[in-house]
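Each reported figure results from applying straightforward, stated rules to the coordinates on display, with no laboratory input. Because the structure is a prediction, the values reported are computed rather than measured. Note that we place each Cβ from the backbone using ideal geometry, even for glycine, and neighbour counts take in every protein chain shown.
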Amino acid sequence: MTLDDFRWSRRMSDCEIVMVRGVEDANGYPCGRNATAECCDCGAKLCDLHFEECDLCHETYCCMCFLFHMDQPHAKPNEAVKKDDASKQRIA
């Protein structure tokens, strides 16, 4: 194990998502799973259950940052390009 591998494993120890049972649960409880990714927006350490990957930019996000990311223009599909009727006709 190299020094960089050791630092990575040390840095990515536990998922930082805190789960709550309801709005009355002030403290919640940590996920406790091993972290495998990091949110590129807020930097939270995430396990494989709590990260989302954008199909367009291939960045990793926590669920809250992913929701905000989906509001970005690149995350929305482009409008269909309308073709001329002339381009649809076959040339005989």
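Observations on the structure shown:
- The label-point distance for Arg21 and Met70, in a model that sets each label 7 Å from Cα toward Cβ, rounds to 2.9 nm.
- On full extension, the segment bounded by Cys57 and Asp14 gains 12.9 nm, given 0.36 nm per residue less the C-alpha separation.
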